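Colleague: One structure, pasted below without further comment.
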């Protein structure tokens, strides 16, 4: 994969920078991308399991009869549930709920895909 990426010839400086970042990412994380080995060991490598868990554990539980949540309220409830399930309830007083209007977009490097 890296060799194929290195053969690409981006037409702009911005595209070249993004390509360099992608190649660096692949090099830095190559040890985590041994998918053939993971498949041989029987590990799932797709996103289907995560998407299914989201639907079953988050989406379904927050949309039961009579429940109405704003996005901000839902995020806060999930943050509390994570504290509880990870036995970190004592950290509740350190939890700071950031208003959705304070959301910051990811850096440009993360948007290179």
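Colleague: Using alpha carbons only, what's the Rg to Rh ratio of the range 1-54 with Rh from Kirkwood?
Modeller: 1.13
Colleague: If you don't mind, another one. Name the shape class, rounded, prolate or oblate, that the alpha-carbon gyration tensor gives for the range 29-82, where a ≥ b ≥ c are the square roots of its eigenvalues, rounded holds for a/c under 1.5, and otherwise prolate holds if a/b is larger than b/c and oblate otherwise.
Modeller: prolate
Only the coordinates and a few stated rules stand behind these numbers; no lab work does. Given the structure is predicted, the values throughout are model-derived calculations rather than measurements.
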